[in-house]
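Quick notes on the structure that follows.
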Amino acid sequence: MTDTVQQTKSQFVAVASIAAELSAVMEVAKEISLAAANAKAIAFRAGEKARGFQPITDFINELAKETITLVNAINEHALLLYRLTVNEYRTSTAFDKFQAATKMAEGAQYQSSLQTSTEAVEQRMLECRKQFKRHVGQLLDQLQEVMHPARAARVIAANSRIEASQAGEYLLSLQAVAESVDRAAQIIHNNVQRCRSALNVINITE
């Protein structure tokens, strides 16, 4: 197996890993949205005791929506990376076969006729690799964007604990919401970091 074909196999693994991590992030974002709805209901029942908590529920819900939107966009980009990897794998395999055929045809009368096809396949292979590299950079930027709502969610969770402490008998319920948001934000952060690591280990040199 050539280095080029091995590289595309590594890309398949990385893209598959990213898809799995993003699926988990999406589920956690939905959990945050559910936590916001629960918190809103609790804050409504608590009335004046949780007055400061009520606007926090809106922030939590907005962060969940923002995360879901970002992850949907990243999923589309990850799908594009998968298609580029498929194309690169096909052209890399074809290039290897042309090279092998050229070697076997050394000294043959029509050996030069293989050169044009070999060069055309090589050009397509290099173009796929170039596009992949460019889109990896864009995907890394998108993953960085997902970190922003995750960090904001942790700050909101800290504020939620403060507001929950003034909610009397609703304290434990609202604290549970704050803990769930904090935990979800940490999970999102960890999963996104694994996505970034998966991309960084790919050998994408031209």
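Tell me, how many Å apart are the Cα centres for the range 62-98 and for the range 141-204?
Result: 26 Å between the Cα centres.
Run the numbers for LYS30 and GLN115: contour at 0.36 nm per residue of separation, minus the present Cα-Cα distance, in nm.
Using 0.36 nm per residue and subtracting the Cα-Cα distance, I get 25.2 nm.
Could you calculate the contour length gain from GLN131 to LYS9, that is, 0.36 nm times the residue separation minus the distance between their Cα atoms, to one decimal place in nm?
Full-extension gain reported as 42.3 nm.
As a test of the formula, what do you get for the chain when each DSSP H run with n ≥ 4 contributes -39,500 (n - 2.57) and the sum is divided by the residue count, at 222 nm and rounded to the nearest 500 deg cm²/dmol?
Calculated mean residue ellipticity at 222 nm is -32000 deg cm²/dmol.
Treating the beta-carbon of each Lys and Arg as +1 and of each Asp and Glu as -1, no other charges, what is the dipole magnitude of the chain about its Cα centre, to the nearest 20 debye?
Numbers: 22 positive and 22 negative charges, 24 e Å.
About 120 debye.
How many nm is it between the label spots at GLN138 and ALA20, if each spot is 7 Å from the Cα in line with the beta carbon?
Placing both labels 7 Å along Cα→Cβ, they lie 2.7 nm apart.
With the full set of protein chains in place, find how many percent of the accessible area of the range 1-144 is carbon and sulfur; take the probe as 1.4 Å.
Its accessible area is 55 percent carbon and sulfur atoms.
Please identify, among SER17, SER117, SER180, the residue showing maximal mean-square fluctuation in a Gaussian network model of the chain using a 10 angstrom Cα cutoff.
In this elastic network of the chain, the residue with the biggest mean-square fluctuation among SER17, SER117, SER180 is SER117.
Accessible area per residue, 1.4 Å probe, Å², for the chain: what's the number?
So the chain comes to 55 Å² accessible per residue, rounded to a whole number.
Between ASN159 and ARG90, what FRET efficiency comes out of the Förster formula 1/(1 + (r/R0)^6) with R0 = 35 Å and r the beta carbon distance, rounded to 0.05?
That pair, ARG90 with ASN159, gives E of 0.10.
What is the extension gain from ALA100 to MET147, computed as 0.36 nm multiplied by their sequence separation minus the C-alpha to C-alpha distance, in nm to one decimal?
12.3 nm
The values are calculated or read from the model by the stated rules, or taken from the named source; none is laboratory data. None of the values given here were measured: they were computed from a predicted structure. Counting neighbours? That spans all protein chains shown, and the Cβs are built from the backbone with ideal geometry, glycine included. Heavy atoms of the whole protein, side chains included, go into the accessibility calculation; ligands, DNA and RNA do not. Shrake-Rupley method; radii C 1.70, N 1.55, O 1.52, S 1.80 Å.
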